[in-house]
Amino acid sequence: MRGLNGMVVAVTGSAGGIGEAVCARLIDEGATVYALDRSTSPLGESTIVDITDPEAMGQVVADIVDREGGVDGLVAAAGVVEDDIAAEEMTLDQWDRTLGVNLRGLFITNQAFGRRMLGQGAGTIVNISSMSGNHVVNVPQKQCAYNASKAAVTALTKSLASEWADRGVRVNAVSPGYVATPLLARKAHQFQQWLDATPQHRMAEPSEIAAAVAFLLSNESGYFCGSELVADGGYSLR
Ligand SMILES: NC(=O)c1ccc[n+]([C@@H]2O[C@H](COP(=O)([O-])OP(=O)(O)OC[C@H]3O[C@@H](n4cnc5c(N)ncnc54)[C@H](O)[C@@H]3O)[C@@H](O)[C@H]2O)c1
């Protein structure tokens, strides 16, 4: 498959389960991939960066443009989830930590790459949101900050899509259900409950999320604008 041949794409969260699968898929489709994470990424051109640092993110965009002459795509997959914390006991530091990465950091990333894409008059952005927050709230785990952050990511995706559509920049989201990645490693005791509640009775493979991302990056999805592809094995149908 060479559907993304010649595209220059940055992927945040590229050292994580979904991000690594996205990098693999994009490389397989012929894209040049810049892998952005606070840890070293196994695939693509790895850069260590914290997405909550606007200056650092601006510098990353400038460096990619210096090397490539522009940037065609962004996949914003970096994210965190808090451990189970009852809402009434959550400290504002804990709240800020989750919202700071999942929402503020994702906005910083979209803004830094979006500015460049608007200047070019072309570009496509795919944000990794979640079924959580928009279609369901996660149960039994207590993670109100995560759920709220993901509802906001979907709303932000739609807002940016509507603001930037007539200047050549498309913004869409993929909202996964449960995917077996390090993000969920501390929640293994809850897996069976989630599988029972999922009509397909399995978690997603990271490659299945990457396939949806590749579609939204490609010209095949040219009329998708502010859309959210939910890939959850039917979990949110209940
Ligand atoms: N795994 C799931 O079931 C699931 C379900 C729905 C949505 N998601 C979303 O998918 C995305 C990827 O999740 P994953 O399962 O691959 O998680 P993961 O924990 O495997 O990977 C997340 C990556 O983000 C990076 N990261 C975190 N904070 C960062 C920061 N400030 N700067 C730079 N990098 C940072 C981490 O280093 C890590 O490599 C997240 O946004 C997550 O919310 C995951």
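The values are calculated or read from the model by the stated rules, or taken from the named source; none is laboratory data. Since we're looking at a predicted model, the values are computed, not measured. Here the Cβ is made from the backbone with ideal geometry for all residues, glycine too, and neighbour counts use every protein chain on show.
For GLY73, the conditions (1) small (Gly, Ala, Ser); (2) closer than 21 Å to ARG170 by Cα; (3) within 16 Å of the ligand (Cβ to nearest atom) are fulfilled apart from (3). Selection of the range 197-226 for residues being surrounded by 15 or more Cβ atoms within 10 Å (Cβ to Cβ), part of a loop (DSSP other than H, G, I, E, B), more than 16 Å from the ligand (Cβ to nearest atom) and of a type outside the set (Gly, Ala, Ser) yields PHE224, CYS225. Can you name the condition, by its number, that GLY6 falls short on among (1) within 16 Å of the ligand (Cβ to nearest atom); (2) in a loop (DSSP other than H, G, I, E, B)? Tallying (1) within 16 Å of the ligand (Cβ to nearest atom); (2) in a loop (DSSP other than H, G, I, E, B), GLY6 fails exactly one: (1). A search for C-beta distances below 6 Å between a residue of the range 27-54 that is under 19 Å from THR98 (Cβ atoms) and any residue that is among the basic types (Lys, Arg), counting only pairs 6+ apart in sequence or on different chains, returns ASP50/ARG38. If you go through the range 141-186 and keep only what is within 20 Å of SER14 (Cβ to Cβ), buried (at least 19 other Cβ atoms within 10 Å of the Cβ), within 12 Å of the ligand (Cβ to nearest atom) and among the hydrophobic types (A, V, I, L, M, F, W, C), you end up with VAL153, ALA173, VAL174, VAL179.
When you go through GLY16, GLY100, GLY44 one by one, which is the residue that is at pLDDT 95 or above, on the phi > 0 side of the Ramachandran plot, surrounded by 15 or more Cβ atoms within 10 Å (Cβ to Cβ) and within 16 Å of the ligand (Cβ to nearest atom)? On inspection, the qualifying residue turns out to be GLY44.
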